[in-house]
Amino acid sequence: MPFYGPDFARLQRQDPEVARILLDELARVRGGLQLIASENFTSPAVLAALGSTLTNKYAEGYPGRRYHGGCEVVDRAEYLAIERARALFGAEHANVQPHSGASANLAAYAALLQPGDTMLAMALEHGGHLTHGSKVNFSGRWFDVVAYGVRRDTELIDYDEVRDLALRHQPKVVVCGATAYPRLIDFAVLRDIADEVGAWLLADVAHTIGLMAGGAIPSAVPYADVVTFTTHKALRGPRGGAILCTAELARRIDRAVFPFVQDGPQMHTIAAKAVAFGEALRPEFAAYAAAVVANSRALCEALAAEGMRPVTGGTDNHLALFDLRPLGVSGAEAEHRCAAAGITLNRNVIPYDPEPPSATSGIRVGTLCVTTQGMGPEEMKEVGSLVARVVRDRESAAAVRARVSSMVAIHQPYPSDL
Ligand SMILES: *Cc1c(COP(=O)(O)O)cnc(C)c1O
């Protein structure tokens, strides 16, 4: 059972309760369609690094200057991860220690801002992220946050509004990046705006970094002073975060990650990040990134043909957002009906949504998982019609589930003999 390390049989004997959970979760993902836009399936090699004894090692500090002894071996893992990340993105500096996307952002803010400073970021209700200034998050509590959004008519980022707000509020940091924005972000325009007001540009490309790595969409790295990202979404690595920055900011970013925000790095995760960066450097990954976008467009067209309205009219990346009001079904109800048919997706607010986040008018779908499973545009057409069928008619759940089962049976995320 290599997915759980060499000793899965031992785990089964010693703690069958936990072993059962691992097997049930594997059965769950094997038994249905995973359309959550932020999820992916890591390779067995990434899982092997995660399940390694590197989890035991304390290595406060950075390679070559640690506060613990015996780090000469794990140092090699971190050097490798840093070198591969820099090569992959053409970045001057990389910090691979953040435990998550949220910790990467906390560190980036700590490097660039003091509490009470002003930052300009995309509103959560318009597709931004919790850590971009939401009141219930540290970012909204500790900083003076000015939010920009999308236009009501086009549902695209209103760059004129961003410029006006920047000129009026003189933020120290302009933040871009989103969790539910299906279009490309114009980093060049945002760079100009940041320069006009002397602000840093922080691009949180947690979702799309893998598409940038594979060359399927333009990279934020040449434009932003700091780029934060997660390694577990489009990049298809272990759950974690990372930061790229200019040489000028290298020391500030490193000191913000450790000792300001975090203590001991997770060396097993860093080794797994190195594996994922290595995979992303291969030509197959560029093909994967291109296929993700092609699948996303195909799924978006299929759902639009069924009467769901794509927010912004389409997609340029791995995700799409749909307004379900034409079908008279809430996002929450659609999520529920899909779940009954073995299709996992999430409800999502759409821009200017009249419904609260608990109900929403929309759903968000993504193609990272299904593309990793080897599905293509033909399958996306069928997935689109299955989703629409069960959203419209809850009575069809059993029939849709049967069809989903036969689709995933020939496109398994992990080999079934493992
Ligand atoms: C997913 C995401 C994060 C948070 O990542 P975690 O690893 O869950 O903390 C931050 N920013 C954006 C834009 C994201 O999409």
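One table, with the values for the structure above:
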| read-out | value |
| --- | --- |
| The range 284-337: number of residues that are at positive phi and not small (Gly, Ala, Ser) | 1 |
| Criterion: of a type in the set (Asp, Glu), under 17 Å from GLU83 (Cα atoms) and either without any contact (Cβ under 8 Å) to a residue 12 or more places away in the chain or surrounded by fewer than 22 Cβ atoms within 10 Å (Cβ to Cβ) (or both) - qualifying residue of GLU279, GLU284 | GLU279 |
| Top-ranked residue of the range 110-147 - restricted to ones that are in a strand (DSSP E or B), of a type outside the set (Gly, Ala, Ser) and touching a residue at least 40 places away in the same chain (Cβ under 8 Å), ranked as farthest from HIS207 (Cα to Cα) | THR118 |
| Residues located in the range 342-378, provided they are under 19 Å from SER406 (Cβ atoms) and over 23 Å from the mean Cα position of the chain (by Cα) | GLU378 |
| Conditions (1) crowded, with 23+ Cβ neighbours inside 10 Å; (2) over 23 Å from VAL311 (Cα atoms): number failed by PRO182 | (2) |
| Any hit, the range 298-313, residues being among the polar types (S, T, N, Q) and closer than 28 Å to GLY237 by Cβ | no |
| Count of the range 87-109 residues which are out of contact with any strand residue (DSSP E or B) (no Cβ under 7 Å at 6 or more places or on another chain) and either among the hydroxyl-bearing types (Ser, Thr, Tyr) or part of a helix (DSSP H, G or I) (or both) | 5 |
| Neighbours by Cβ (under 8 Å, 6+ apart or cross-chain): first from the range 53-68, under 16 Å from ARG255 (Cβ atoms); second of a type in the set (Ser, Thr, Tyr) | GLU60/TYR67; GLY61/TYR67; PRO63/TYR79 |
| Scan of the range 312-371 for residues that are free of Cβ contacts under 8 Å to residues at least 40 places away in the same chain and part of a strand (DSSP E or B), ordered by number | ASP323, ARG347 |
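All of the numbers you see were taken from the coordinates with simple rules; none came from a lab. These numbers come from a predicted model, not from an experiment. Positions of Cβ are backbone-derived with ideal geometry, glycine not excepted, and every protein chain shown enters the neighbour counts.
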